[in-house]
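Working notes, structure below.
The values are calculated or read from the model by the stated rules, or taken from the named source; none is laboratory data. Values in this document were obtained by computation on a predicted structure and should not be read as measured data. Using ideal geometry, Cβ is built from the backbone for each residue, glycine included, and neighbour counts are taken over all protein chains shown. Just so you know, the surface numbers come from the protein's heavy atoms only, side chains and all, with ligands and any DNA or RNA stripped out. Shrake-Rupley method; radii C 1.70, N 1.55, O 1.52, S 1.80 Å.
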Amino acid sequence: SRRSDPLMRGFENEKQIGVEAKNLYWGPNTAQNRHYKFVRLEPCSWQSFGHRPNSNTPHDYEALRLLEKLSTDPGIKAIMIERELVVNTLGEMDPIDDRLMQKKQQEGACLLGYNTNQGLRIDVKLRPDDLEGFIPYDKLVQTLIHELSHNWVAAHDVLFWANYGQMRVEYLHRHASLAAAGRYVNGRTTASLAGVADLCSGGLKAICNNLLKEVAKEMVQHGVPLDAVAPAIIKRCEEFEAEGNTVDAAGQRLGGGDSTKNLNGGARTEEQGEANVRRELALAAAERRQAAAKK
């Protein structure tokens, strides 16, 4: 029989390397939480790209590595734990599904991801239309958080954007807290690795102001006024301050809260439960404002 060449690295080996490298993006011991997580990661197969791939089109094992990076992102993990989320599959959206693209474009939207059955499966578009490399990482995170918000609300209404804005606060606060605590990975903060260092610098007040601008821009096409959503975002920032888990304008962590607590496992604390109640009250208030606006 023909003997295999030990110097040739097979495709399955490349995929395995991607899986084994999962703890290297954000430092050691940064796997997903054992309770709240994405159960499966599913990139698009190379064959699904038809005749359009070129020499700069990453193979699906590279897409798998990117999905692993997203799933173990400290900010994403914080969101998953805060809301006790379990998503069966985090997948790569087929970048050349023309029928789906055309349908969304006719609706006036640019399809970057979709949520199936309220979080049973979430797909994110990792590649640009020309299949040259990947979409910038910080944009992928925004899409993923957007789709996670659809676990509760299907329509892009006030309640949806209030929930999305609060999750973005939690994401940026987590990275800002790690930076303030002196957590570095190969000489860089996780905020820098995630491409959000500018948004995280300047403390919670700056995070809040940056997010209000970001959300206002995204809501324009949906006709949702910032005034209806801003109180929920501001409230979430105030909750972090009340918990003593905040950072000042110089990037120093204030208070006694442990910003690295419960990320890889363990039970939720009573304080987390109380924070959830406050968050739900803020979302309920946003829903009341939405109902009042319709009258």
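Things to note:
- Meets criteria (part of a helix (DSSP H, G or I) and open to solvent by 10 Å² or more (accessible area, probe 1.4 Å)) for L148: no
- Note on region 109-136: residues that are open to solvent by less than 30 Å² (accessible area, probe 1.4 Å) and touching an Asp or Glu at 6+ places or on another chain (Cβ under 9 Å) amount to 9.
- Looking across I135, I145, I207, I234, one residue alone is closer than 19 Å to L112 by Cβ, without any contact (Cβ under 8 Å) to a residue 40 or more places away in the chain and among the hydrophobic types (A, V, I, L, M, F, W, C). It is I135.
- Within region 15-47, the set of residues being over 27 Å from R83 (Cβ atoms), at pLDDT 50 or above and open to solvent by less than 40 Å² (accessible area, probe 1.4 Å) comprises C44 only.
- Residue within region 116-123 that is assigned to a loop (DSSP other than H, G, I, E, B) and touching a strand residue (DSSP E or B) at 6+ places or on another chain (Cβ under 8 Å) present: yes
- For region 178-204, a tally of residues being in a helix (DSSP H, G or I), open to solvent by 10 Å² or more (accessible area, probe 1.4 Å) and more than 19 Å from C237 (Cβ to Cβ) returns 2.
- Count of residues meeting criterion [touching a His at 6+ places or on another chain (Cβ under 8 Å) and open to solvent by 20 Å² or more (accessible area, probe 1.4 Å)] in region 205-223: 1
- Test result for R52, modelled with pLDDT of 60 or more and open to solvent by 40 Å² or more (accessible area, probe 1.4 Å): yes
- Qualifying residues in region 151-177 (those that are of a type in the set (F, W, Y) and within 26 Å of E68 (Cβ to Cβ)) - the one surrounded by the fewest Cβ atoms within 10 Å (Cβ to Cβ): W152
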